[in-house]
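Here, each number is a calculation from the coordinates, and none is a lab measurement. This is a predicted model, so every value here is computed, not measured. Note that each Cβ is placed from the backbone with ideal geometry, even for glycine, and that neighbours are counted across all protein chains shown.
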Amino acid sequence: MPSYSGQSLIFQWIYSGGTINLNTDFRTATYSPSIDQAEDTAGADTNKTYVNLQKDGKVSFGGLMQTGGTTTTVGLVEGTSGTIIIGPEGTASGKQKLTIPAISLGANYNWPYNGLVEISCDFQQNGARTDGSY
């Protein structure tokens, strides 16, 4: 299977105030799904065993802050609920599309003295992810 680069990424944050296209100035985007487990080992078991419980996930975004970027900062206020759309290979027909309900954990800023201003934000998955395609 051929590899692809991240430059085609679509990363949208849709919340009550509108849609923010975070992919325009992104440098990194990460989705880390996980699952809770309970240990199921008992009695004479010689190896641990587990039972799967609830699924979970975290999404992270990092990019460059643009001048006049108040729409972005307002949309990423901690506690804001919304939906993340991730298209790793863009929006061409048949390409993967992840839809993730989430809560913003708040924007983080890096204002270096002599460099570009960076913004990052982590999101907590808040429900079931939908795996689909464009």
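Structural remarks
- Computed E for Tyr113/Ile35 - FRET, C-beta separation, R0 41 angstrom, nearest 0.05: 0.45
- Residue among Thr24, Trp111, Val77 farthest towards the positive dipole end of the chain, charges placed on Cβ: Thr24
- Inter-label distance, nm, simple model (7 Å from Cα along the C-beta direction), Thr28/Val74: 3.0
- Where [x] -0.25, -0.62, -0.92, -1.16; [y] -0.34, -0.70, -0.92, -1.08; [z] -0.28, -0.63, -0.88, -1.06 are the candidate values, the label of the one calculated here for log10 I(q)/I(0) by the Debye sum over Cα atoms at q = 0.09, 0.14, 0.17, 0.19 Å⁻¹ is [y].
- Nearest-0.05 FRET efficiency for Ser16 and Asp131, computed from C-beta distance (R0 30 Å): 0.75
- Nonlocal amide H pairs with Lys95, under 5 Å, H built at 1.01 Å: Tyr134
- Gap separating the Cα centres of the range 60-90 and the range 1-43, nearest whole Å: 12
- Only helical runs count toward this figure. For the chain, summing -39,500 (n - 2.57) over DSSP H runs of n ≥ 4 and dividing by all residues gives -1000 deg cm²/dmol at 222 nm.
- Positive dipole terminus of the chain, leading residue within Val59, Tyr134, Leu98 (C-beta point charges): Tyr134
- Set of lysines near Lys58 by C-alpha distance (under 17 Å), chain-local residues within fewer than 8 positions excluded: Lys97
- Net length gained if the chain between Ser93 and Tyr4 were fully extended (0.36 nm per residue, minus Cα distance): 30.4 nm
- Evaluated with a Cβ-only charge set (Lys, Arg +1; Asp, Glu -1), the chain carries a dipole of roughly 360 debye about its Cα centre, given to the nearest 20.
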